[in-house]
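Undergrad: Let me give you the structure first, and then I'll get to my questions.
The values are calculated or read from the model by the stated rules, or taken from the named source; none is laboratory data. Source: prediction; values computed, not measured. As a convention, Cβ positions derive from the backbone with ideal geometry for all residues, glycine included, and neighbour counts pool all protein chains shown. We work out accessible area using only protein heavy atoms, side chains counted, and drop any ligands, DNA or RNA first. Shrake-Rupley method; radii C 1.70, N 1.55, O 1.52, S 1.80 Å.
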Amino acid sequence: MSLPNIHDAWQKLIWPWRPESDREAGSGIVANFLLHWFPNRVSLRSLAFSASLYLGTITFIVFLVLTVTGVVLMFLYVPSVERAYWSIKDLDHAVSFGWLLRRLHRISAHLMVALVFLHMFRVFLTGSYKAGEIVRSARPLNWVIGVSLLVLTLLLSFTGYLLPWDQLAFWAITVGTNIAAAVPLVGEAIRQFLLGGTIIGQPTLIRFYVLHCAFLPLVLFAVAAWHMWRIRKDGGLAIVEQDRKEALAREPAPPKKSKTYSVLGIASGTTVQVNDPTTLDESNSVPSTPFLTVRLLLIVLLTVAVSIGLSLVVQAPLEAAANPEVTPNPAKAPWYFLGLQEMVGYSALMGGVIIPTIVILGLMLIPFLDREQKGIGFWFTDGPGRKWGIFGFLYGLVTTVGCLAIAILAPMRDIFPTIESQLFFDLVNPATFLLLLFAGMYFVVLKKTSSTRYAAIATFCAFIIAFVLLTYTGTALRGPNWDFYWPWQAWPAHPMAL
Amino acid sequence: MASTDTVDNGVRVSPESGADQTRRGFLGRLTAAVAAVGALVAGWPLLRSLVPNILYEPPKRFRIGAPESFQEGATFLEEHRIFLFRESSSFHAISAICTHLGCTVKFAPFMAPQEETVRQFTYRALGEFQCPCHGSKFRGEGTNFAGPAPRPLKCFHLELSPATGELVVDTAAEVQRDFRLVV
Amino acid sequence: MIKKISQREILLVLIAAVAILAVGVAAIVSDSGPEWKYYQSEFRTIVAERIGDVDPATLPSGIQQIWVEKLDRVDRCTTCHLGMTWKGLEDVEQPWTTHPVPEIFDDHRLEEFGCTVCHGGQGFALTEYDAHGFVEHWEKPLLSDIAASEYDPRNPPPLYEIQCNFCHRYERSTRGMPYINSAKEFVRTKGCKICHVINGDGGKLGPDLTREGDKHAEGFDFSNLVSDQVTVFNWHIKHFGSPTTIVPGSIMPEMNFQSQNSQALAMLVMSWRDDEDLPRAYLPGVELKDEMTPEEIESDRRMREGDGAFFVEHSCFVCHSIKAYDIKSPTDKGPDLSLAPDDVRARFNKTVEEFLFDPTGTMKIVLDSQIILTDEEKWQAIEKIMKAYDIVKNRAAEAEAAAADGS
């Protein structure tokens, strides 16, 4: 092969990534397998960091890191109760870079859970779950898909948590599956289905392993693909509504395009793009290649660099081998469930079943309860929105600290020593108080502002604070016997054999 | 590479597409290079971790017992897949693994030992080896003479353990078929 | 003309790419140059100085491991502790030194025991800190002098004896375990089994101690233990010293144990762990025999130690009983040898002596190939047979006389 031939072949390979004209940029997107995912052009508003903080992108990149490290780990880890712990010890000590794989996989898992929450917060606070009025997009549906992705992420993290088969894993899953058992009527059946038996043993381990390595990643990948496809179908990030408003302001009523895209003659109606007045032109957009591609390259490199960097300094703990006869004191669920575990300390029914159900359902219903369509894509919608957000944070702070204080200083069973009914304590406890206080606040703000959006902002911000505070309490303020300890108070010394 | 199922949309690679000589172009190429090297360096641990440093396998060098405990002639050590031969105080070890596809060969003793010369090597043959899988046959010193086996049976190094005086076989150290350990 | 990406953006990507390169290199560097490489290269130097001409290529290099499948453990200690089985390195410092009391390897072969089953520690690990096991969450650290001197700086107890007794539990007394031996003596003489069940028998006033060593730290009440060391070992030492101090209201009597004796007893008690999964080959003192009645045991003993022992040793009794000596054959294929002089004459027309030196029939085959007797042994046999014959004849005569008297 002569040099000009090699040069030609190289050009043929890379031209879509370095287009020399707008035409080439457009063709590159269509002609390349990896690039065809992207739109031809991307609005400058969407490309800006402030629109999305790229949280969704970063989450997906972290998921890919988890997949790659996970596949390599599957060659090195053995999912048998006799050998699981041993294989993790070997990973830490005898496998080249085993320590790195483990730490990277673990830190990425925790990062992914944190990032999906942050991404959800961003989408809510920018009102990007709203359908918009100019074209009827399916963003409410995509929000619901997103909440299910949150649940899938938590399940993936939970199933992975068991695999090291150490005391931390064993007892965290004991606590977690017992919370599931608190569901009325079917709770025990759910628990036994998860465990593959009545106790945590080999069936549980293999069940969690298959869920964690095969079933849940595939489901998550499919739903995530649907989630991202919906973004494309809806014309991009929600901030594009502002581009549409601008376009409409220029030309009040754009002529309806005649093309209707139907799939094999089966689908009917028009796609979102047909009714879209926005023309992404030189003034408000750039070609996806190279602008979006290079931006994504930046995000990928930074995310991976930060993940590996964190893995160099943050160790992955491994406690003593799982021992069903000895419960560590305290026995804690993974961090993202510790807020739940704190509330479960007041009432398993309220804290473990009712409140989580209300939260998940409530989240899913947000786009259907709040149908206002203004300020889509703007953080907190507008000035009053920001005000109500701050109000929500403060209200959440005060009420959560108050309910925690009640829980710590005035436990219900001490206040009402003569009452024996479990139902009474399931209903009268700090978790219920918090729930009622938040629900009450929603209706008060709604009444005062006549705006479902402002009420939703206030409630959601209160929810964020409550989640953070409850999680912090469960992590740092609860010690042996679930007693309260200030962060500076030392826990009693852990007894050892020798 | 003309393909009949793609449509020519008329796009050609621009004639000006060559190296961009500006600083941006240089930065771009430098970045691409650093990113590529960085990806390889960061990806190396993924591959290296799959090359094991430790193996959970039986050791290749092992003790088989005191020389006195072996009878004259051939002794088959089943778990090690080795034949140990003793001729009064001379010992040698021949692998029982057929060189064709790895089955364990059987030893077919002669009615009486006989002198044999195989490939200019003369020795006292006690029998021959036969493989049940595909019918390969080997002379008493290991040379293949029938069936699909391509090579003679391996002979392993023998020594005495300085600590206990037992015979030590090293299946990682092959020796010539005339090797004898004289005790 | 197409809009181009800003230089700033490209610069940011370059920084990110450099960051990836940097963390990648940092990761690779972290993993290379492991601790054990230094110890192995030092070992080469030491061997060259002290032992002289040893081919460096035969010295261990790379991770060394002993995988003791039967005990379900893997020990990588010999990666650094290189001189363990070498002679001549006794005065070298750790980790290259020869194992003290090297005779221990005669019946505790390294391939069959590994290291941690006796010494504790974390066999998986390849760095000193992790391997010695004084790390969080590793519950079986090295039973070293350093650990022991926490309990008695002047006279540190040999904690590894705890592990010795895990296997040697069923022996009355074992060479090399002075502390445990003395503790076992206490158990016999101080009446522990009056109140505690140990190994199947004992009283029920106190808890069953058969598996006391397995009891987890969480199961002990340390509230009355005033000490820097909140450990189970220390709990036992103090409890043996004064039971009512550690467990108020306890009815266990004060035995006035001195500290060394308390340590020995604490070691003994901590060695009492569940050994059900231990392969029987690792349990000395455990008899693998069919259960026999006392009569069977007695008759067995008489056969092996009495006058007829010769016939048992040389396998004659397989076919022949000799009732004069109470030798019972399991098969009785041949005639009773007490009557051999009569029998041999009747059948072969020979004396016993003639027959033994020139046998015919089955006996010829047996004496040619299966039971080879030297001439001296044959004479012994003949002498004993003749004596047996006398005994039988005497008994018969006595019996006749008694019968005659009786009637």
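Undergrad: Here is a check on your reading of the model: is residue A:456 farther than 23 Å from residue A:349 by Cα and modelled with pLDDT under 95?
TA: In short, no.
Undergrad: Hey, another quick one. So, residue A:52, is that one open to solvent by less than 30 Å² (accessible area, probe 1.4 Å), farther than 30 Å from residue A:320 by Cβ and touching a His at 6+ places or on another chain (Cβ under 9 Å) or not?
TA: The answer is yes for residue A:52.
Undergrad: Considering each residue of the stretch A:347-372, count those that are more than 23 Å from the chain's Cα centre (by Cα) and open to solvent by 50 Å² or more (accessible area, probe 1.4 Å), and give that number.
TA: 1
Undergrad: Assess whether residue A:111 counts as being at the interface with another protein chain (Cβ under 10 Å from one of its Cβ atoms), assigned to a helix (DSSP H, G or I) and in contact (Cβ under 8 Å) with a residue 40 or more places away in the chain.
TA: Considered against the rule, which asks whether it is at the interface with another protein chain (Cβ under 10 Å from one of its Cβ atoms), assigned to a helix (DSSP H, G or I) and in contact (Cβ under 8 Å) with a residue 40 or more places away in the chain, residue A:111 comes out as no.
Undergrad: Would you check if there is a residue in the stretch A:69-76 being modelled with pLDDT of 95 or more, among the β-branched types (Val, Ile, Thr), within 23 Å of residue A:358 (Cα to Cα) and surrounded by fewer than 19 Cβ atoms within 10 Å (Cβ to Cβ)?
TA: no
Undergrad: Same structure, new question: Check off (1) within 20 Å of residue A:380 (Cβ to Cβ); (2) open to solvent by 50 Å² or more (accessible area, probe 1.4 Å) for residue A:462 and give me the number that stays unchecked.
TA: Condition (2) is where residue A:462 drops out.
Undergrad: Can you run down the residue pairs with Cβ atoms below 8 Å, 6 or more apart or on separate chains, where the first is in the stretch C:103-120 and of a type in the set (S, T, N, Q) and the partner is surrounded by 20 or more Cβ atoms within 10 Å (Cβ to Cβ)?
TA: C:116/C:75; C:116/C:77; C:116/C:122; C:116/C:123
Undergrad: Inspect all residues belonging to the stretch C:269-279 and state whether any of them is among the basic types (Lys, Arg), under 28 Å from residue A:493 (Cα atoms), touching a Leu at 6+ places or on another chain (Cβ under 8 Å) and surrounded by 14 or more Cβ atoms within 10 Å (Cβ to Cβ).
TA: Scanning the stretch C:269-279, I find no residue that is among the basic types (Lys, Arg), under 28 Å from residue A:493 (Cα atoms), touching a Leu at 6+ places or on another chain (Cβ under 8 Å) and surrounded by 14 or more Cβ atoms within 10 Å (Cβ to Cβ), so the answer is no.
Undergrad: Looking only at residues in the stretch C:362-407 that are in contact with a His (Cβ under 8 Å, 6 or more places away or on another chain) and in a helix (DSSP H, G or I), which one is most open to solvent (accessible area, probe 1.4 Å)?
TA: Top of the filtered list is C:377.
Undergrad: Inside the stretch A:9-31, can you point out the residues that are more than 8 Å from every other protein chain (Cβ to nearest Cβ) and out of contact with any His (no Cβ under 7 Å at 6 or more places or on another chain)?
TA: Once the filter is applied, which keeps residues that are more than 8 Å from every other protein chain (Cβ to nearest Cβ) and out of contact with any His (no Cβ under 7 Å at 6 or more places or on another chain), the stretch A:9-31 yields A:9, A:10, A:13, A:14, A:16, A:17, A:26, A:28.
Undergrad: Of all residues in the stretch A:364-387, which are touching a Gly at 6+ places or on another chain (Cβ under 9 Å), closer than 22 Å to residue A:116 by Cα and hydrophobic (A, V, I, L, M, F, W, C)?
TA: If the condition is that a residue be touching a Gly at 6+ places or on another chain (Cβ under 9 Å), closer than 22 Å to residue A:116 by Cα and hydrophobic (A, V, I, L, M, F, W, C), then A:376, A:378, A:379, A:380 are the ones that fit.
Undergrad: So is residue C:122 open to solvent by 50 Å² or more (accessible area, probe 1.4 Å) and within 26 Å of residue C:38 (Cα to Cα) or not?
TA: Considered against the rule, which asks whether it is open to solvent by 50 Å² or more (accessible area, probe 1.4 Å) and within 26 Å of residue C:38 (Cα to Cα), residue C:122 comes out as no.
Undergrad: Would you confirm, using the coordinates I've provided, whether residue C:21 is within 8 Å of chain B (Cβ to nearest Cβ), farther than 17 Å from residue B:54 by Cα and among the hydrophobic types (A, V, I, L, M, F, W, C)?
TA: Against the criterion (within 8 Å of chain B (Cβ to nearest Cβ), farther than 17 Å from residue B:54 by Cα and among the hydrophobic types (A, V, I, L, M, F, W, C)), residue C:21 qualifies.
Undergrad: Please enumerate the residues belonging to the stretch C:27-43 that are open to solvent by less than 70 Å² (accessible area, probe 1.4 Å) and touching a residue at least 60 places away in the same chain (Cβ under 8 Å).
TA: Hits for the stretch C:27-43 are C:34, C:36.
Undergrad: Additional query: Identify, please: which residue in the stretch B:51-69 is over 21 Å from the mean Cα position of the chain (by Cα) and without any contact (Cβ under 8 Å) to a residue 24 or more places away in the chain and is, among those, nearest to residue C:69 (Cα to Cα)?
TA: Looking at residues that are over 21 Å from the mean Cα position of the chain (by Cα) and without any contact (Cβ under 8 Å) to a residue 24 or more places away in the chain, I get B:69.
Undergrad: Can you name the helices (runs of 4 or more DSSP H) wholly within the stretch A:396-498 that have at least 2 residues being within 14 Å of chain C (Cβ to nearest Cβ)?
TA: Per the criteria, no element qualifies.
Undergrad: State whether one or more residues within the stretch B:111-132 are in contact with a Leu (Cβ under 7 Å, 6 or more places away or on another chain), modelled with pLDDT under 95 and either part of a strand (DSSP E or B) or among the hydroxyl-bearing types (Ser, Thr, Tyr) (or both).
TA: For the stretch B:111-132, residues in contact with a Leu (Cβ under 7 Å, 6 or more places away or on another chain), modelled with pLDDT under 95 and either part of a strand (DSSP E or B) or among the hydroxyl-bearing types (Ser, Thr, Tyr) (or both): present.
Undergrad: Free of Cβ contacts under 8 Å to residues at least 60 places away in the same chain, over 30 Å from residue A:278 (Cβ atoms) and assigned to a helix (DSSP H, G or I), is that true of residue A:153?
TA: For residue A:153, the condition - free of Cβ contacts under 8 Å to residues at least 60 places away in the same chain, over 30 Å from residue A:278 (Cβ atoms) and assigned to a helix (DSSP H, G or I) - is not met.
Undergrad: Is it true that some residue in the stretch A:122-130 is open to solvent by less than 20 Å² (accessible area, probe 1.4 Å) and within 26 Å of residue A:317 (Cβ to Cβ)?
TA: No.
Undergrad: What residue, of A:327, A:303, is within 8 Å of chain C (Cβ to nearest Cβ) and in contact (Cβ under 8 Å) with a residue 60 or more places away in the chain?
TA: A:327
Undergrad: Quick one: residue C:158 ticks every box in (1) without any contact (Cβ under 8 Å) to a residue 12 or more places away in the chain; (2) away from chain A (no Cβ under 11 Å); (3) under 22 Å from residue C:113 (Cβ atoms) bar one, so which box is it?
TA: Result: residue C:158 passes all but (1).
Undergrad: Still on this structure, please answer the following. Of all residues being in contact with a helix residue (DSSP H, G or I) (Cβ under 6 Å, 6 or more places away or on another chain) and open to solvent by 40 Å² or more (accessible area, probe 1.4 Å) in the stretch A:77-93, which is farthest from the other protein chains (Cβ to nearest Cβ)? Just the residue, please.
TA: Among them, the one singled out is A:81.
Undergrad: Next question. Is there a residue being surrounded by 21 or more Cβ atoms within 10 Å (Cβ to Cβ) and more than 27 Å from residue C:218 (Cβ to Cβ) anywhere in the stretch A:335-343?
TA: No, every residue in the stretch A:335-343 fails to be surrounded by 21 or more Cβ atoms within 10 Å (Cβ to Cβ) and more than 27 Å from residue C:218 (Cβ to Cβ).
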